[in-house]
Amino acid sequence: MDHSGISVLFEGTNFTRLLGGLWVTVKIAGVALILGLILGIVLGVLRTFKNRLLRLILRLYLEFFRIVPTVVLLFLFYYILPKQLNFNLPADQIATLVFALWVGAEMSDIVRGALISVPKHQRESGLAIGLNRYQLYRYVLIPQAITLEIPATINLATRVIKTTSLLMLISVMDVINIGQQIIEANNHTHPTGVFWVYGLIFLFYFLIDYPLSWWAKRLEKRRLERTNG
Amino acid sequence: MKKKSFARLIAIVSVFAALLLVLTGCGNSSKKSSSSSSNNPSSVKQIKKNGTIRIAVFGDLPPYGWVNQDGKRVGYDVTLAHQVAKDLGVKVKFVQVNANNRVDALNSNKVDLVLANFTVTPERKQVIDFAKPYMKVSVGVVSPKSKPITSASQLKGKNVIVTKGTTAETYFTTKQPNTKLLKFDSKTQQFNALKNGRGAALADDNSYLYAWSKDNPKYTVGIKSIGPKSYISPAVKKGNKSLLNWTNKEINKLTKQGFFVKDYNQQLKPYFGKEVKPSDIVLPTK
């Protein structure tokens, strides 16, 4: 019975199950990011408008999703709201929805920040050559804001991917949840399996997140090179 | 400067006001939904119509509910779940839960039935309905063999590890307030904490601790039974008479058929070792 913990990973279908869990994680984070980014850009643009009521509502939306911890949001959407409102979605859809709304909120602030930090003379020049509001945003403000917001957006993306580890609380079979199943199922034969399973999960998250943060750093460097010559 | 902080104050206050509105809104509508419980999504009729029963089980608690290396759910509770589905003539869909979201899973209609090593307590009875028990247990305390804990008085002022939402947590919180509790979200975490020496002992259902200490010979169940004996039952949503009555009949039938002794021998015996007999866990036929 010379069991090294690492063999836990390759017994039966364990490795493919972990990969399956990782796919669930990536799918939820990916779809949530795409939906959230679209939502966030629209809301971010709306937040630069002058209408006070609109701005107040969007501000409340942002603060709600920023202040309330993600765990609480997941519980609220999975257990509490369905009971009151009589709708019932599967756990992974709820997870995607919550993460999309959260990304949308955070993203709206990033977009707003980027839009108002485009130099003022750009906006004024645009207006001076007779652009309407749509054209102003489409051709002048948004293209210049995008370079400003990319690093913060990628940072947000890595945060979202890491936060998916909370999903086991609402019964989503993500990579952490499957990892725990494997650890518990093999605890009596492979007591050191826990180290290897979490080690592999760490590697998975690293392989997804590190390229993103490397990309963010490179984009930021290029932007500085471009602006400072 | 002053104006700015004032605006911020207003913003914060309005956020809380909005939150309050959301919460009170929830409170109001909950009264409505409980009064109009005529269309019960978890009644026997509805389950048969859907062709599937959704059963909450553990995924990380061998030998009750866990996943083997082929990715299949197995265990004492899972065998019962398959039998229940077979007798209802429907397919079974498993929803994996943790100890502290078993009640919520029922109340928010995520599952029809909970078969997740669910101990009957008076507090839980207020929020959900338990069927007849199919197992009996009490709280036990496991500690390292090198520093065994054999009586509750030894735990005074020491760290005791528990999982949130378990009977052990409730017992130590109410009856042993002198101990410091370290609470964890899952079974995996609590045993890791004990192995890492974060607490002097760990409290959980005794049957489960027998199984665990058999695989971890450095630890011993120093206190075999503490607090009152308790029972493990299937649970349904509060007021779901239809499924409750059906489950009671099912448990009676299965007990008479000796299903649980068979289930014990198949699923639990390899884990518990010789010191535990089926009659320590399974309830006698009445």
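Quick check, is A:Glu106 of a type in the set (D, E, K, R), part of a helix (DSSP H, G or I) and more than 14 Å from chain B (Cβ to nearest Cβ)? Against the criterion (of a type in the set (D, E, K, R), part of a helix (DSSP H, G or I) and more than 14 Å from chain B (Cβ to nearest Cβ)), A:Glu106 qualifies. Being touching a Phe, Trp or Tyr at 6+ places or on another chain (Cβ under 7 Å), facing another protein chain (nearest Cβ under 10 Å) and in a helix (DSSP H, G or I) is not true of A:Val45.
Restricted to helices (runs of 4 or more DSSP H) entirely inside the stretch A:137-229, those with at least 2 residues that are within 28 Å of A:Gly36 (Cα to Cα) and among the aromatic types (Phe, Trp, Tyr) are A:193-228.
Each row is one residue, and each column tells you yes or no for (1) polar (S, T, N, Q); (2) within 10 Å of another protein chain (Cβ to nearest Cβ); (3) surrounded by 20 or more Cβ atoms within 10 Å (Cβ to Cβ).
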{"position": "A:Leu167", "(1), (2), (3)": "no, no, yes"}
{"position": "A:Val172", "(1), (2), (3)": "no, yes, yes"}
{"position": "A:Asn187", "(1), (2), (3)": "yes, yes, yes"}
{"position": "A:Pro191", "(1), (2), (3)": "no, yes, no"}
{"position": "A:Leu207", "(1), (2), (3)": "no, no, no"}
{"position": "A:Glu225", "(1), (2), (3)": "no, no, no"}
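Go over the candidates A:Leu60, A:Leu54, A:Leu46 one by one and state the one that is aliphatic (A, V, I, L, M), modelled with pLDDT of 90 or more and under 18 Å from A:Glu149 (Cβ atoms). Answer to the selection: A:Leu46. Mind checking whether some residue in the stretch A:52-64 is of a type in the set (Phe, Trp, Tyr), assigned to a helix (DSSP H, G or I), away from every other protein chain (no Cβ under 14 Å) and touching a helix residue (DSSP H, G or I) at 6+ places or on another chain (Cβ under 7 Å)? No.
The values are calculated or read from the model by the stated rules, or taken from the named source; none is laboratory data. What you see is a predicted model; the values in this text were computed from it and never measured. Backbone-built Cβ (ideal geometry, glycine too); neighbour counts: all protein chains shown.
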